[in-house]
Amino acid sequence: MPPQHKLAVVAFGGNALIRTGQEGTQWEQLENARQTAKALIPILKDGYGLVIVHGNGPQVGNILIQVEEGVTKVPPLSLDVCVAMSEGSIGYMLERAIRNEFRQSRGRRPDVVAMITEVVVDQRDPGFRRPTKPIGPFYPRFRADDLMRRHGWTMIEDAGRGWRKVVPSPRPLRVVQSAAIKRAAESGGVVIAGGGGGIPVYRTRGGDLRGVEAVIDKDYTASVIATDLDADLFVILTGVDQVSINFGRPGQKGIRAMDVAQARAHQADGQFPEGSMGPKIRAAIEFVEKTGREVLITSTERLLQAVRGRAGTRIVPSGRGRNARSRKSLTASSRRFA
């Protein structure tokens, strides 16, 4: 039986591999993957097993641009296949980077595996009635009109930059590969799963899985995976060190800890907008309510300090608030993931 350990699920966006000001070349992404791997390795040394859930926004957008540019030469691909392509390529970059970081360390070298992950959604999800997620290239008006007429796309004008396709973003119900992810995590390996929120699929009346033209928010999928695995810790990495109220406005104030009730109240006040911190807070709330454990929200640079209780924002069960558990209770818990 492998050694027992605690389990952390860490989610971060596709922008971790394509950063502001970069072109998004594979060489840039490989270097960014190396830096990300370097930040994650200390969690393993702190005694945690690790499941990684990554975003894919810039990457799948680039794939869709390639599809559009090559449409007169090769058959186009559906969005679910494009998501799968991004899962494979990003998973490979992260897996290689993590393996190389392990090679340079003197500690144990666990297996690293990237899993192509399908996520079941409900065809009756309200998101399918109101597509809202912009994706892919920008088009001039005449091309957008043609695509909407010929293919039935929903498109919107995007801040004067052109017209873009918008697709549904349904909520994840179930991760198809959940049992396989759990087995790999139980063996002590590092698992990369749920990339880009996973490939959205639904069940036909005959029971088959079928892909659907949609994207899933990776934070929601990470919350489902963390709940399924009964993770000791769920970490959401973002571009800021700490969650704040009045962000970017006079009176901005960082939050070290808030319970679910406080988080809901701040969200109701418009503090955490959609397209920004909103989905992260909602995903955190769902995990805390289902497991009674905590969520950390912080930046990659402050990850280790946050795990050790010296940075970031903790979302905790209602009633704890400012008196939330210390880091000692996070890392010295007697419960282990076997």
Query raised in the report: In terms of the Cα gyration tensor, with a ≥ b ≥ c the square roots of its eigenvalues, is the stretch 1-55 rounded because a/c is under 1.5, prolate because a/b exceeds b/c, or oblate?
Result: prolate
Requested in this report: Scan [x] 5, 23, 28, 21, 14, 8, 2, 0; [y] 5, 25, 34, 25, 9, 2, 0; [z] 7, 30, 36, 20, 7, 1, 0 for the value of P(r) over Cα pairs in 10 Å bins from 0, in percent calculated from this model and give just the label.
Outcome: [y]
Query raised in the report: Among the listed pairs Lys73/Lys165; Lys6/Lys45; Lys133/Lys290; Lys6/Lys290, which are separated by more than 20 Å between their Cα atoms?
Result: Lys73/Lys165; Lys133/Lys290
Query raised in the report: Quick one: accessible area per residue over the stretch 240-305, 1.4 Å probe, rounded to a whole number of Å²?
Result: 47
Query raised in the report: Taking the stretch 109-178, which chymotrypsin sites (Phe, Trp or Tyr not before Pro) meet the DSSP loop condition and have no more than 15 other C-beta atoms within 10 Å?
Result: none
**Report entry** Sorted peptide list for 229-236, 43-50, 143-150, criterion being average Cβ within 10 angstrom, highest first
**Finding:** 229-236, 43-50, 143-150
**Report entry** Between 0 and 90°, nearest 10: helix 57-69 axis offset from the chain longest Cα axis
**Finding:** 20
Query raised in the report: Can you give the helix-only mean residue ellipticity at 222 nm for the chain, where every DSSP H stretch with n ≥ 4 adds -39500 (n - 2.57) and the sum goes over all residues, rounded to the nearest 500 deg cm²/dmol?
Result: -11500 deg cm²/dmol
Query raised in the report: Mind checking the angle between helix 141-151 and the chain's longest principal axis? C-alpha axes, 0 to 90 degrees, to the nearest 10.
Result: 90
Query raised in the report: Given charges of +1 on the Cβ of Lys and Arg and -1 on the Cβ of Asp and Glu, with all other atoms neutral, how large is the dipole of the stretch 87-147 about its Cα centre, in debye to the nearest 20?
Result: 320
Query raised in the report: Taking a ≥ b ≥ c as the square roots of the eigenvalues of the Cα gyration tensor of the stretch 234-318, is the shape rounded (a/c under 1.5), prolate (a/b larger than b/c) or oblate?
Result: oblate
Requested in this report: Would you mind getting the accessible area per residue of the stretch 76-119, heavy atoms of the protein chains only, 1.4 Å probe, in Å²?
Outcome: 52
Requested in this report: Can you tell me the order of 35-41, 205-211, 61-67 when each peptide is scored by its average per-residue count of other Cβ atoms within 10 angstrom, highest first?
Outcome: 35-41, 61-67, 205-211
Query raised in the report: Rounded, prolate or oblate: which fits the stretch 71-128 when a ≥ b ≥ c are the square roots of the eigenvalues of the alpha-carbon gyration tensor, with rounded for a/c under 1.5 and prolate only if a/b beats b/c?
Result: oblate
Query - Surface share of carbon and sulfur [accessible, 1.4 angstrom probe, percent] for the chain - result: 49
**Report entry** the stretch 213-221 - phi-based ³J(HN,Hα) in whole Hz, Karplus 6.51/-1.76/1.60, Gly and Pro as x
**Finding:** 6, 6, 10, 10, 5, 5, 5, 5, 5
Report task. Can you tell me the 0 to 90 degree angle between the C-alpha axis of helix 26-45 and the longest principal axis of the chain, rounded to 10? Result -> 20
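The values are calculated or read from the model by the stated rules, or taken from the named source; none is laboratory data. In this text the structure is predicted, and so the values were computed from the model without any measurement. Cβ sites come from the backbone with ideal geometry, for glycine too, and all protein chains shown count toward neighbours. For the accessible areas, the whole protein counts, side chains as well, though only heavy atoms, and no ligand, DNA or RNA atoms are used. Shrake-Rupley method; radii C 1.70, N 1.55, O 1.52, S 1.80 Å.
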